[in-house]
Structures are given as C-alpha cells and as structure tokens.
C-alpha cells in the first residue's frame, strides 16, 4: 500500500469542499490540548447531504484508509442525525484526526445505505443503529437484532425521544421492589421437589438466610 | 478337562468359578452402596436435561451429527496420502485403462521378464 | 436430605453472570487466586452447574438472561445455596431504572446469602462463603 | 481434508455461551463444525445489555461518571476518563495538569493489571493453570497500588469531571515506585515463562491469524490490531492527558521474534511488552508530576451549574488496555446529556473473531476467543450432541481437550 501524504485538518475540509461543493452543509474543526504542553488533538466535524455519505467515506479512504470507530446518533425531533465517527492518519505521531461525518434523516424516510461494502467492520454498528433508532440500513448483509432480547416489543426504539422511545411502564425501578414476600422465613422445612419456575411459584428456599 | 477347574496359565491362575463369585460379591457391595443413597434427581425438570450454557435443549434432530464428522480425525491423519491419491481418480475411463495397462506392463516386467 | 460432613468442607461454586459489569467477576477470580486461596477450605470454581453446590450470582439479571438463570439454577443438584454477589443483584445498584432488567436476583432465584459491595472485596466473598457454611450447618441441625 | 477437496460433508453446530461468567457481554457463539474444524462462526452479544446509555440520558454528568465506572469492571478508568474528557470539551473545562498526570498514572496502572489479568486467563485457556495462578498472584501488587491511590480495588471512582478526586501524596510516590521496580524485576521472568515456553509457542504460533488487511477492514484496535502490524495507539496518535508530553510508541511484535504475523503469540508479546511500556510511562509521569490543583472546581453545585449550561457535542477517546475507547456526548443545555454513545474497545474487536476462528480446531477456540481479550472468559462451556445422545463438553472438558492437544504436539516433535 502506497502511503498517501499527511494533510492538515483544513486541507481535508478543503478537499471535501472542492469535491462535493454544496453537499457539505457544515464543516468545522475543534481542538483540545491537555497536559503541560497542551499538544493539540484535532477533530473534524463535517455535516453533509444524506446521498453523499458513501462518496464521502470513499473520499476519506482515498486520503488514507480510516479507522471506523462507531456510528452515533441523535434524535433531533423531526430528524435523526447519524454520525459516522472515523479516524484517519493513525500511526503518525500526534497526527491522527477524528473525522465525524454527520447526515440527517427525516423521520418519514429513515433509510440509509450500508457502508459494509467499504468497511465490513461497520456491520455491528449498523445492526445496533437499526434496533436502537428504528432506521433501515439498505443492503445490510445481516439485519438481525444485536443487543436487545428477541421478545423486545416491536416498534420501540430505546434511543428515540419521541413516542417510539422507551415507555415509562417498561422501566423497572429495581430499588423499589424489595424482597419477595411469597417465600417462607428461615429456617426452612424439608425440601419439596423444585417447581418449574422458582420465581413465579415461590420455593422451599428462602432469601436472606445468612443476612439476618 | 473340567471346564471349572483352575488352569495354570504360566502367568497366574485362571478359575472361572472364582471370578464369578468375585463378580457377584462386588455386585452385591455395589448394590448395597447404591441402595443406601438417596435419589435427589428431579426427573422431568431441567435438572434431567443437559447443561448447554444455559440454553434450552434443542431438538435432537436439529443437532444430529453426521458420520462424516466422526471420520474427521482418520481423514486428517491420512491427509497427505489422500491428497496424492484423490487427484489420480479422475473418473475418466481411459485414464483408468492407461493405469491398468501401465501397471500390468510393469508387473510383467518384474515377475516374468519379457521374452 | 442428609448433609454429609464432607459436603461442608468441599463447597464447589459455579459462577453465573447475569449482566454484571465484570467487577464482581474479577473479584471472584481474584478470590480464587493464591493471595486469598480459598481452596484450603475446599472452595473451588467449577465449570458446570451440575458439579456445583453453591451458585455465585452476579449482576442485575437482564431480560435475555433471566430464563437462562432459572434453567442453570434448576440444574444445580440439591442441596444447593445461592449467593448474590454485588450490590446490583440486590437492589439494582447504579442500574436501578433500566428497561432491560428482570432483577434483582431474588425475584428470579431464592437467594441464601447476600454479599453487598460494588464489587465486594475478596475478603467479603470469603466471609459470604463462611456464612453459607453456617447456613448449611443450621439446615443440618434442623433435620 | 474433506473441505479441501470439496467433499460433501454436513457440518454440525456447537453452541458456546452465553453463561460466560466473566464477559462484559456474554457472547453466544454458534460454530458450524466440520469434524473438529470450525467452518463458520456466528455470535450474538447483548446478554448483558442494561441500557446504560439510555439511563445516562436521564442523569446528570456527575452521576454518569459513576455509571461509567460500572460499564466494565476491568476498565474502571478508561470509560470514566473518556466520558469526562468529552464533557470537559463541551463545557470548556480546563483540567489542571496535575490531574492529567494522575489520570495518566491510573490509566497505566490499570493497563498493567488488565494485561496481567489477561495473561493469567490466556494461560488458563491453554491449560497452563500454574501460570494462571502466578499471573494473578503478581497482579495483586498492582491492585494494592490502585487501592492505595484510589481507595478501591475495582471501580476506582477516581475520575471526576474537571480532574481527579484523590491526589497522589508525596508519601505514596515511593510506594508506586516500589511497585514499578517489582514489575521491572519480574518482567524478564514473565517474558521467559510466556515466550520461551515451547508449549505456549506451539499452541499460539500461527493460530488465530488476523491479517493486516483484515485488521484494518474489520476495525480491529488495540493489541489485537498491533499484533497484526497495524501501528495504531491513541496514546501515540492523538494527544490526551499527559501523553502529549510523553514519548509513547505503539508496541508492535518485534522483528526478531518473527515480526508481526497477527497470531495469538504476537498478541501475547504485545501485551507483555506493553506492561514494560506502562511502567516506564508511570515513572516518567511521577518524575514530572506538576504541582497544583487536582480539580477544576471543587464545589459540586457550581460544577453541575456549569455543566447544565453547556451546549455542544464532543468525542472523548482514550487507549484502553484493549484498544480505543470512545464516548460521544451531546449536550443541549439540560441537566442530562441529549445523547451519549459509548464505544467500548471490545465492541470493535468482536468482528475479528470471524477470520481468526475460521479453519481452527475446537481445542483452539478458547485461546483464540480469549486472545482479543474480550474482558475474559472464565467458565465458558461447549456442548456437543453426538448421534442423538447428549455428550456434555464443559469448560473442564475444553481445558482437557486443550491439554491433550498440547501433549500431542509435544509427542509429535
């Protein structure tokens, strides 16, 4: 692999602007220095048109093969913003930048093309976004659920802030539950054959035997 | 010869009757030990089923292992031999005929020698 | 069920993670390691619930795990004890208001010994096992 | 061989997990086996999904710092550190340099204990239990140091937004130095035990291969990527905390040991060398520890008020023992952040299991799975159902299989 030249954050943004023109809706650079010397680390934030997502990632791959970190997302009310967080120029001393490519999807059309044909490692992140934001990734090679249980209610997306978000009745306030009341107090009598569902029917054993 | 008489084998003594008595005595001891035990097996519950990392036991048919998998170690051990021999089996009759004629010719040379 | 003497001196534990953060797990393994060495009391981590006498349960019981936890509990032979290690298995801890939890553990399993702490120190876990032994002795005396 | 010559063979399924007592996300693996060779791998994480990010969007940042401690018990610093760094960027909080150095020291102490933990687990997976006990015995020294500094063994709770909660006093510095000297003296021994042992070499060399290209495409990070020759290390690439003042280089498997091949053995080398690197970094930090405050703002109400006003989005990333850990936070002037996305380091590494495990044998699964350090795998189990009768393969059996393979290899030499 031939090494492509290292560029400054502003040069990367300029490259994007010349390539995509008005498709770049917003571009900015943030810097942060820590420690004694305050060596700066740079983040590039680019917001672009939804259709330019794949060309933009391809462009970044031409600049230098990026490391894909994760897709983050914001629920902005009418729109869902997806942030493809990548980093480029890793391996250069203090020369790596985070590149965040943001696209916004209208809630009426929550589809986004898959990027797994460019970066196969993005699969887990795309699957996660499907179940947590209710978006549809077109062309995803494996669209199963990732983290949520199989019996999780359909149409509930935990990270949405509208009516499809988590319903209050789904939240279990664990600290209010207290000890189960349907179990006998210790010391316990002789064991009966254990029932199928210990929690549902109560069992011969007792909680808190030694905690008293 | 009496089938139950002791036989001196050169390495020790072999007496079928003594062995039979020993087996019965051992079986009685085993039965007594087993009989003293208390069955705590809850048949018909999850306790009787295999532990599959906490997963439900799948249908037996779904996890049936075909015999070809059991030959794996055997095939693995003979891998070099198979690798040499399998390409030779082309399935073309003329190839087999060539082999036949060649081997026959070779055998004739070795066994009889050509006149 | 009569408890034999040897039972008290060879508690084999099986460790069951129901969605814990790993903190309790590494403390349980640190307990097994040479610094604390509970094997001198006969306490040993085993790889199957069918070999176990004590179930060490950690974590607040996620929905995916709840059924599996019950199944594993069923597969532990009698007599058995359940120890709940860590705060989140007792009250949810920092995960008190999640949408994906079926816990705390005593809603799913009958717990015998609670070891609080986030995570409990190895000393606390050993103390919990001692408490479990005391409970066993009481069970024995009650017969 | 059956696969090589295209012979028809019907694979069977081996499930592993999810009762992996030691994983952050107990993964359920489904292996399609052909004889004893893995043909394809599938895994389903999410058994420990607690909805942490969703809960975080209902709490204030100072409360979230305590939640981040409990994302993963082994990574007690990295999650809180990267979250705090993200929030500090949004609220434009200047962290005092001394706090940055203390954060770095804790970060590296954590790396030492985490890598030792992993070394022990890896030895256990190879069926080398005495080495497992040795590594965990040695690890207790770093746990003592951590406890001395933070007051906790696990879930340190030392990071606060705007700095750290506890200072390292002048009395503690000699203690830390003593601990470092202990590890330096021990390291040669560890390297000898791990790297010159013919058993470990045989079991790990050229097993679980991950090529350079695969590491890039599957977004592998940390020691997993570095063992494949990808020179990425956030500490080197992207300055944060005290690393901007230090000279940290990504540790790659050295040429003399056979260069980066991307196998399990290289991952062991990388982690062992990183322990040495961490002791050096801690020493440098102790030598240059700046004086001054350790918190930007001591009064919590004032800190919370500042955070409530903060608006914007930021990314905090650090190099966790397992690779890059990243938190994206967006705040919109409310008490709780509008968005909080956690990218733990194992999240990126999971995909590399697929090329690593393909074509490997059943007995090698434990060590390859453990080699990316998915936190750790302690009591996982496999079950094989053969010809209708269920034959249970417990973790013990896997370890036994593993030992038998070692024995076989020794005899073959």
Helix D:264-287: angle to the longest alpha-carbon principal axis of chain D, degrees 0 to 90, nearest 10? 20
Helix B:16-36 vs. chain B, principal-axis angle (Cα, 0 to 90°, nearest 10): 60
Calculate, axis by axis, the spread of Cα positions in the range C:5-142 along the three principal axes, and write the results as whole Å, longest axis first. 45, 31, 27
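Please rank C:25, C:39, fewest neighbouring Cβ atoms within 10 Å first, as an exposure proxy.
Values: C:25 30, C:39 11.
Going from least to most buried by this count: C:39, C:25.
Over all residues in D:239-249, what is the mean tally of Cβ atoms on other chains that come within 10 Å of each residue's Cβ?
5
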Ignoring everything except DSSP H segments at least 4 long, calculate the 222 nm mean residue ellipticity for the protein assembly as shown; use -39,500 (n - 2.57) per segment, divide by total residues, nearest 500. -12000 deg cm²/dmol
Please grab the % of Cα pairs in the protein assembly as shown that end up more than 38 Å from each other. 47
Please arrange B:96, D:238 by counting, for each residue, the other beta carbons lying within 10 Å of its beta carbon, fewest first. B:96, D:238
Please find the FRET efficiency linking residue B:100 to residue B:70, where r is the Cβ-Cβ separation and R0 is fixed at 35 Å, and quote it to the nearest 0.05. 0.55
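Sorted by packing (mean other beta-carbon atoms within 10 Å per residue), highest first, where do A:49-59, B:10-20 land?
A:49-59, B:10-20
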Any chance you could check the Cα centroid distance between the range D:85-127 and the range D:176-224 for me, in angstrom? 18
With a ≥ b ≥ c taken as the square roots of the eigenvalues of the C-alpha gyration tensor of the range A:98-176, please select rounded if a/c is under 1.5 and otherwise prolate if a/b is larger than b/c or oblate if it is not? prolate
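Could you tell me the convex hull volume per residue, in Å³, taken over the Cα atoms of the range B:46-111?
175
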Among rounded, prolate and oblate, which fits the range A:9-174 when a ≥ b ≥ c are the square roots of the eigenvalues of its C-alpha gyration tensor, a/c under 1.5 means rounded, and a/b larger than b/c means prolate? prolate
Cα atoms only: what Rg and Dmax, in Å, come out for the range D:242-381? 20.5, 59
Ignore the peptide's own chain and count Cβ atoms of other chains within 10 Å of each Cβ in D:205-216; give me the average, rounded. 1
Report the normalised scattering of chain D as log10 I(q)/I(0) at q = 0.10 Å⁻¹, calculated by the Debye formula with identical scatterers on the alpha carbons. -0.69
Based on alpha-carbon centroids, what's the gap between the range C:114-143 and the range A:107-145 in Å, whole number please? 48
The helix D:78-91 Cα axis meets the longest alpha-carbon principal axis of chain D at an angle in degrees, between 0 and 90 and rounded to 10, of 40
Top mean-square fluctuation among D:249, D:327, D:79, Gaussian network model of chain D, C-alpha springs under 10 Å? D:249
Can I get the semi-axes of chain B's equivalent ellipsoid? Compute them from the C-alpha gyration tensor as square roots of 5 times the eigenvalues, in angstrom, largest first. 56, 37, 11
Can you give the mean number of other chain Cβ atoms that lie within 10 Å of the Cβ atoms in peptide A:161-170? 2
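Laboratory data are not the source of any read-out in this text; all were calculated from the coordinates shown. What you are looking at is a predicted structure, and each value in this text was computed from that prediction instead of being measured. Note that we place each Cβ from the backbone using ideal geometry, even for glycine, and neighbour counts take in every protein chain shown.
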